[in-house]
Amino acid sequence: MDSLTPATPDLPATEPARVHVVCAEPSVANHFLAELRDVEVQRDSLRFRRNLQRLGEIMAYRISAHLSYTDKTVKTPLGESSSKQLHDFPILATVLRAGLPFHQGFLNYFDQSPSAFVAAYRIEGTAQVQVQVDYLSAPRLDERVLILADPMLASGKSLVQTYRAMLRFGTPRQVHIAAVIASPEGVAHVTREIPEATLWVAAIDEKLNAQAYIVPGLGDAGDLSYGSKL
């Protein structure tokens, strides 16, 4: 008989329960992140996109340990084997266009997941960060696991606004937010405004500058992936 059991892995003592910094300890993720930041490597947009995808895959694996699984018996050519399979695949959401390579990394692992897409952008030239959400497409979110992925978590305002806009499609039972690079201000804002979410980042950088860009950061992830825009 199938049984539903949530995974409860032990977290490192240095890692807060709701904020996970993937590159806090040495791993190949650090190598991919270093290449994303490197102005010389950034000239190769294909490699930049691939490294975003690789970090998405790593985070998908890390998040998978916190999802629910069902015990099942599968038949092999020589007998039977007990296994654990995902109870349901999470809904994967991202912000266009910078989020697409990062999103693909998650989709490579959660290959049966439905996707949601949001078009949101900052209104430049204002004293405070203002965000406009132009397009939103998503399946029903009620009682589902939602993973919202955006490479750069700067002020956190666009991500919070995006999440709140998505709630028109229902209330997820579990929320994970993933970013490659975050600012301390962005982490504080998201954890305060979305207390139900677990936050996953590759790195938390030093600060935001006066224009609300992450320092040292890596630049504009969308432009580096797909070319500069007007």
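Quick grid of which residues meet (1) at pLDDT 95 or above; (2) among the aliphatic types (A, V, I, L, M); (3) out of contact with any helix residue (DSSP H, G or I) (no Cβ under 7 Å at 6 or more places or on another chain):
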position: GLN104; (1), (2), (3): yes, no, no
position: ASP111; (1), (2), (3): yes, no, yes
position: ALA119; (1), (2), (3): no, yes, yes
position: THR126; (1), (2), (3): no, no, yes
position: GLN130; (1), (2), (3): no, no, yes
position: TYR135; (1), (2), (3): no, no, yes
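Just one residue in the set GLN53, GLN42 is modelled with pLDDT of 95 or more, assigned to a helix (DSSP H, G or I), in contact with a Pro (Cβ under 6 Å, 6 or more places away or on another chain) and not hydrophobic (A, V, I, L, M, F, W, C); that residue is GLN53. In the range 170-190, the qualifying residues are those that are under 15 Å from ILE91 (Cβ atoms) and outside any loop (DSSP other than H, G, I, E, B), and the one that is farthest from the chain's Cα centre (by Cα) is GLN174.
Look at ASP10 and say whether it is among the acidic types (Asp, Glu) and modelled with pLDDT of 95 or more. No: the conditions fail for ASP10. Return yes or no: is ASP111 over 20 Å from the mean Cα position of the chain (by Cα), over 18 Å from MET152 (Cβ atoms) and free of Cβ contacts under 8 Å to residues at least 24 places away in the same chain? In short, no.
In the set (1) at pLDDT 95 or above; (2) of a type outside the set (Phe, Trp, Tyr); (3) open to solvent by less than 20 Å² (accessible area, probe 1.4 Å); (4) over 18 Å from LEU92 (Cβ atoms), the condition left unmet by GLU193 is number (3).
Among the residues of the range 76-107, those that are open to solvent by 70 Å² or more (accessible area, probe 1.4 Å), farther than 29 Å from ARG50 by Cβ and not aliphatic (A, V, I, L, M) comprise PRO77, GLU80, SER82, LYS84, HIS87.
The values are calculated or read from the model by the stated rules, or taken from the named source; none is laboratory data. Being a predicted model, the structure only gives us computed values, none of them experimental. Positions of Cβ are backbone-derived with ideal geometry, glycine not excepted, and every protein chain shown enters the neighbour counts. Areas reflect the complete protein model, heavy atoms only, side chains present, ligands, DNA and RNA absent. Shrake-Rupley method; radii C 1.70, N 1.55, O 1.52, S 1.80 Å.
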